[in-house]
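Here the structure is laid out as structure tokens; the discussion comes afterwards.
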């Protein structure tokens, strides 16, 4: 913290998050008048560039250990946004912040001259400035830049939110992310964690010989997951297209082509509800590894997330929140549990379940536990619904749920020991699904049957089911080797490691209702 604990240049605009009505209009008018006055003097309030020699973090890293009351002849050029400012006689103290740090400006009228001192005194909080000066520390030991020249880089016309209270309304925070990032250190940290997670994934996968690729966002068939797609229309080709709901089917085409280890980190789009766990557009990482199965990609998933924790937050110990918001301290480095879906249902209900059981029996079990069901659901789908109702909320520590019924896993291979189950897993942490993977179905005849079952369910009214993708079937006919596939929700991993409970906290611009102005 600087030598200046107060902020007499601030405008209290947070009674309703910011100034409104005549108060805001008057403040904007004052600042616009200031801009006009500068231009009349031939001063550009929005210059084209500024050459800085150091970031503020670099200044602190190089000179942060100076003794109190030290003046140096080390010259620096730095830039940042004015966050605090106070005039004290012939001195002005200000705090500026760039992306990585904050530092104090020490402005003396004797050094900069009367005119420049007056101009600096007219700066508003939120203005961007470029500064040239020497490095020093105050008598209290505050690292500072003794200003010799200050240039306004961008005049803030709108006052920023109050630094201490920030934006109290969450909808305003997400809608005006630019303002949220200015004043909310927690928001900035969440996105630093997200960046570190994605960078860590890329490093780990490169070390394992995976190639990063890009596949189409516009699909002729919406496949690879159960979800409602967004529709669009290509005018030149006069054809309906879908925004992709998954990365899977194009990545597996590349395995057919012999690329062997591929991955993509990309945006996918699902036309579904919005909640603390769901946003219509979100980021997935999907990878496919030839000559392996689901056990190998399960191990990769664990390694990716544990290493990301080390890289992003410096520890594998995290506080994981249950569905009631209670924290549980968990060490991600401990081996992760693996349990079949049917066994987890049995643990919670006391009843053994299996897709071979009559639908009527599973409907009765569902009703007993308050689970609604649809007439078109088979035994496998009923088991999944019961699992979600009775077992999912207890999965706090990392757990691989395996052995999904074939009915709900159209792209996974049947279990080599039980043809009614699949070699599939979902990873749950803190009751949230973070990942999904399986031994990929590579038999084109069986895949066609699965697709046709999907199409029949879709025709019967299930809008989330898939269709018959003829081009993907043609690719499989060329031969796809044994393959393990994995998909990880990057937003949810970022939530886990940043310690937040809403997906909107880790998406810079989440989807919101239309703003009424």
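FYI, it's all coordinate maths here, none of it is from the lab. In this text the structure is predicted, and so the values were computed from the model without any measurement. Reconstructed Cβ throughout: ideal geometry from the backbone, glycine too, with neighbour counts over all protein chains shown.
Give me the base-10 log of I(q)/I(0) for the chain at each q in 0.06, 0.10 Å⁻¹, Debye formula, one uniform scatterer per Cα, rounded to two decimals.
Debye output, listed in q order: -0.41, -0.90.
Please give the helix 294-313 orientation as an angle from the longest Cα principal axis of the chain, in degrees from 0 to 90, rounded to the nearest 10.
Approximately 10 degrees, to the nearest ten.
Given the rule -39500 (n - 2.57) for each run of at least 4 DSSP H residues, summed and divided by the residues of the chain, what is its mean residue ellipticity at 222 nm, to the nearest 500 deg cm²/dmol? Don't jump to the answer; show the numbers that get you there.
Details: 15 runs with 169 residues, N = 517.
Estimated from H runs of four or more residues: -10000 deg cm²/dmol.
Let a ≥ b ≥ c be the square roots of the eigenvalues of the Cα gyration tensor of the stretch 347-443; is it rounded (a/c under 1.5), or, if not, prolate (a/b larger than b/c) or oblate? Spell out each step's value before the answer.
Working: a/c = 1.96, a/b = 1.13, b/c = 1.74.
In terms of gyration-tensor shape, oblate.
Please report, in cubic angstrom per residue, the volume enclosed by the convex hull of the alpha-carbon atoms of the stretch 200-315. Walk me through the intermediate numbers first.
Values: hull volume 15.1 nm³, N = 116.
Taking the convex hull of the Cα positions in the stretch 200-315, it is 130 Å³ per residue.
To the nearest 0.05, what FRET efficiency results for residue 364 and residue 53 with a Förster distance of 56 Å applied to their C-beta separation? Spell out each step's value before the answer.
Numbers: r = 74 Å, r/R0 = 1.33.
Taking R0 as 56 Å, the efficiency between residue 364 and residue 53 is 0.15.
How big is the gap, in Å, between the Cα center of the stretch 406-449 and the Cα center of the stretch 455-477?
16
Taking the radius of gyration and the Kirkwood hydrodynamic radius from Cα positions alone, what is the Rg/Rh ratio for the stretch 465-510, to two decimal places?
Values: Rg = 17.7 Å, Rh = 14.1 Å.
Rounded to two decimals, Rg over Rh is 1.26.
Just round it to a whole percent: the fraction of Cα-Cα distances in the stretch 21-164 exceeding 18 Å.
Counting pairs separated by more than 18 Å, the tail of P(r) holds 56 percent.
So if R0 is 56 Å, what FRET efficiency would residue 372 and residue 91 give, r being the distance between their Cβ atoms, rounded to the nearest 0.05?
Details: r = 70 Å, r/R0 = 1.25.
According to the calculation, E is roughly 0.20.
Distance in nm between label sites at residue 460 and residue 211, each 7 Å beyond Cα in the beta-carbon direction?
Spacing of the two 7 Å Cα→Cβ label points: 4.1 nm.
Okay, which of the stretch 220-236 sit inside 15 Å, backbone N to the point 7 Å along the Cα-Cβ direction of residue 388?
Under cut-off, by backbone N: 225-228.
Can you figure out the FRET efficiency of residue 158 with residue 278, using R₀ = 30 Å and their beta-carbon distance, to the nearest 0.05?
Values: r = 32 Å, r/R0 = 1.07.
Step by step, r from the Cβ atoms, then E = 0.40.
Going by how many other beta carbons lie within 10 Å of each one, how would you line up 157, 429, fewest first? Numbers along the way, then the final one.
On the way: 157 16, 429 23.
Listed from fewest to most nearby Cβ atoms, that is 157, 429.
If you count, for each residue, the other Cβ atoms within 10 Å and average over each peptide, how do 68-78, 341-351 line up from highest to lowest?
Details: 68-78: 14.5, 341-351: 17.6.
Going by the mean number of other Cβ atoms within 10 Å, highest first, we get 341-351, 68-78.
Where does helix 444-459 land angle-wise versus the long Cα axis of the chain, in degrees 0 to 90, nearest 10?
The helix 444-459 is inclined about 80 degrees to the chain.
Can you tell me the length gained on complete extension of the stretch residue 337 to residue 192, counting 0.36 nm per residue apart and subtracting the Cα distance? It would help to have the intermediate numbers written out before the result.
Working: separation 145, 0.36 × 145 = 52.20 nm, distance 2.93 nm.
This chain segment gains 49.3 nm when fully extended.
Using the alpha-carbon atoms, what tilt in degrees (0 to 90, nearest 10) does helix 359-368 show relative to the longest principal axis of the chain?
Once rounded, the angle reads 40 degrees.
Stick to Cα atoms and the Kirkwood definition of Rh, then tell me Rg/Rh for the stretch 340-396.
Numbers: Rg = 10.2 Å, Rh = 11.0 Å.
Looking at the stretch 340-396, the ratio lands at 0.92.
Give me 359, 107 sorted ascending by neighbouring Cβ count inside 10 Å, so fewest comes first. If you can, show how the numbers build up before the last one.
Working: 359 16, 107 27.
Fewest to most other Cβ atoms nearby, the residues stand as 359, 107.
Evaluate the stretch 246-312: find the radius of gyration of its Cα atoms, find its Kirkwood radius, and give the ratio Rg to Rh. Could the numbers behind the result be given before it?
Details: Rg = 14.2 Å, Rh = 13.8 Å.
Radius of gyration over Kirkwood radius for the stretch 246-312 works out to 1.03.
Would you mind calculating the gained length between residue 452 and residue 181 on full extension (0.36 nm times residue separation, minus the Cα-Cα distance), in nm to one decimal?
Numbers: separation 271, 0.36 × 271 = 97.56 nm, distance 4.85 nm.
Roughly 92.7 nm would be gained on extension.
Mind sorting 514, 417, 219 by how few other Cβ atoms lie within 10 Å of their own Cβ, fewest first? Mind dumping the intermediate values first?
Numbers: 514 5, 417 8, 219 19.
Least to most surrounded, the residues fall as 514, 417, 219.
How big, in percent, is the set of alpha carbon pairs in the stretch 371-517 lying more than 20 Å apart? Kindly include the intermediate steps, with their values, before the conclusion.
Details: 6426 of 10731 pairs.
Of all Cα-Cα distances in the stretch 371-517, 60 percent exceed 20 Å.
Got a sec? Which residues in the stretch 106-145 would a label at residue 67 touch, if it sits 7 Å along Cα→Cβ and we count backbone N under 20 Å?
What the label zone holds, given the 20 Å backbone N cut-off, is 135-145.
To check my understanding: the extent here is largest minus smallest coordinate of the Cα atoms along each principal axis. What are those three numbers for the stretch 436-477, in Å, largest first?
Computed over the stretch 436-477, the largest-to-smallest principal extents equal 29, 24, 14 Å.
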